[in-house]
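The values are calculated or read from the model by the stated rules, or taken from the named source; none is laboratory data. All figures in this text were calculated on a predicted structure; none of them were measured in a lab. Quick reminder, even Gly has a Cβ in these numbers, built from the backbone with ideal geometry, and neighbours come from all protein chains shown. For accessibility, only protein heavy atoms count, side chains too; no ligands or nucleic acids. Shrake-Rupley method; radii C 1.70, N 1.55, O 1.52, S 1.80 Å.
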Amino acid sequence: MAKDIEKMIILGSGPAGLTAAIYAARANLDPLVLEGIEPGGQLMITTDVDNYPGFEQGVMGPDLMLIMKKQAERFGTRFEQVAIDRVELDGTKVLYAGTNEYQTHTLVISTGATAKLLDLESESKLMGHGVSACATCDGFFFKDKVIAVVGGGDTAMEEATFLTKFGSRVYVIHRRDKLRASKTMQERAFNNPKIEFIWDTTVTEIFGTPEAGVNGVRLHNVKSGEDSTLECQGFFVAIGHNPNTEIFKNQLEMDEIGYIKVEPYSTHTNIAGVFASGDAADKIYRQAVTAAGTGCMASLDAEKYLVEIGEAD
Ligand SMILES: Cc1cc2nc3c(=O)[nH]c(=O)nc-3n(C[C@H](O)[C@H](O)[C@H](O)COP(=O)(O)OP(=O)(O)OC[C@H]3O[C@@H](n4cnc5c(N)ncnc54)[C@H](O)[C@@H]3O)c2cc1C
């Protein structure tokens, strides 16, 4: 049986997807949001969000996402909690979730990115309570505190250098004896008097409680086999991100990491009718407000395309 073709399907329910939904629903495009396995997206695993405009006193991540969802629902957005595992993007776009099939004239991709983590139990327990994966977001909370950063690439050097604005001392813990970061980033970090490197070392546990925050980490020297502890109040994991774009491989143009390429200052991908927004297409800013901004752009770009192909009404 032929299925109805949707005007617009939005993949993902983080700030990008929900903003796209608000705009599309208010333009009477009757959008369907497929929420994925993480309804609300990355902000669901954090606590205070202090930099999203409009909240003078800050807002809890999950509260912000609930407000955005209700705002999208108010204009009639439909939601389904499914994750798409396969897509065909030429012509009418067809999305598959197991045996379920969805067809749409336009697709807004807002599948986000996932911060790589160490996979420690204590890390997930203390995420948002002293543990963070985003220095821009959370550095401010660690004024005059001791901060530890894990990683050896450009992200780690950038985050560690940024965190010296706040922390009294910043330790960079790296599992090897040299960095992967570019020479410039390395030099900047080496020349910063607040940064101290701990080489050949992994973190095996983070100490603290959700109520009192982090108070230290257990270190393991991979060469000597010795264990030790380091006192710190902030712990930042800076080992990179994985854009959630695997299902679009070989159809959409991406960079070497998997971030979807869009035309400059637009959300157009290389396929007509497919628009990318939020962290899935942004390896630089990765903020809730930029994700929301490009979600808005994607919805407007998709609406214009629907008008062009005569499917807006
Ligand atoms: C711990 C932490 C704290 C942060 N704090 C802040 C902060 O204070 N301020 C700030 O501005 N930013 C913060 N960020 C960054 C911010 O969360 C992201 O920039 C933002 O969430 C990106 O929004 P997005 O909509 O692009 O994607 P995401 O929020 O990552 O949402 C992606 C969505 O796509 C869905 N999805 C993925 N794959 C599929 C699929 N195959 N099918 C269907 N759906 C799919 C997921 O279920 C999810 O709903 C933080 C991030 C983290 C990890």
Name the pairs: first residue in the range 114-137 and farther than 19 Å from residue 163 by Cα and near the ligand (Cβ under 8 Å from one of its atoms), second residue part of a strand (DSSP E or B) and open to solvent by less than 70 Å² (accessible area, probe 1.4 Å), Cβ to Cβ under 7 Å, at least 6 apart or on different chains?
-> 114/241
Any residue in the range 37-57 that is surrounded by 16 or more Cβ atoms within 10 Å (Cβ to Cβ), more than 8 Å from the ligand (Cβ to nearest atom), among the aromatic types (Phe, Trp, Tyr) and not assigned by TED's automatic domain parsing to the domain that holds residue 140?
-> no
Filtering the range 7-65 down to residues that are at pLDDT below 95 and hydroxyl-bearing (Ser, Thr, Tyr) yields 46, 47
Which members of the range 270-306 meet the condition of being open to solvent by 10 Å² or more (accessible area, probe 1.4 Å) and either assigned to a strand (DSSP E or B) or away from the ligand (no atom under 15 Å from the Cβ) (or both)?
-> 270, 271, 272, 300, 301, 303, 304, 305
Please work out which one of (1) of a type outside the set (Phe, Trp, Tyr); (2) within 22 Å of residue 136 (Cβ to Cβ); (3) open to solvent by less than 20 Å² (accessible area, probe 1.4 Å) is the condition residue 192 fails and give its number.
-> (3)
Within the range 247-260, is there a residue that is assigned by TED's automatic domain parsing to the domain that holds residue 166, open to solvent by 40 Å² or more (accessible area, probe 1.4 Å) and part of a loop (DSSP other than H, G, I, E, B)?
-> no
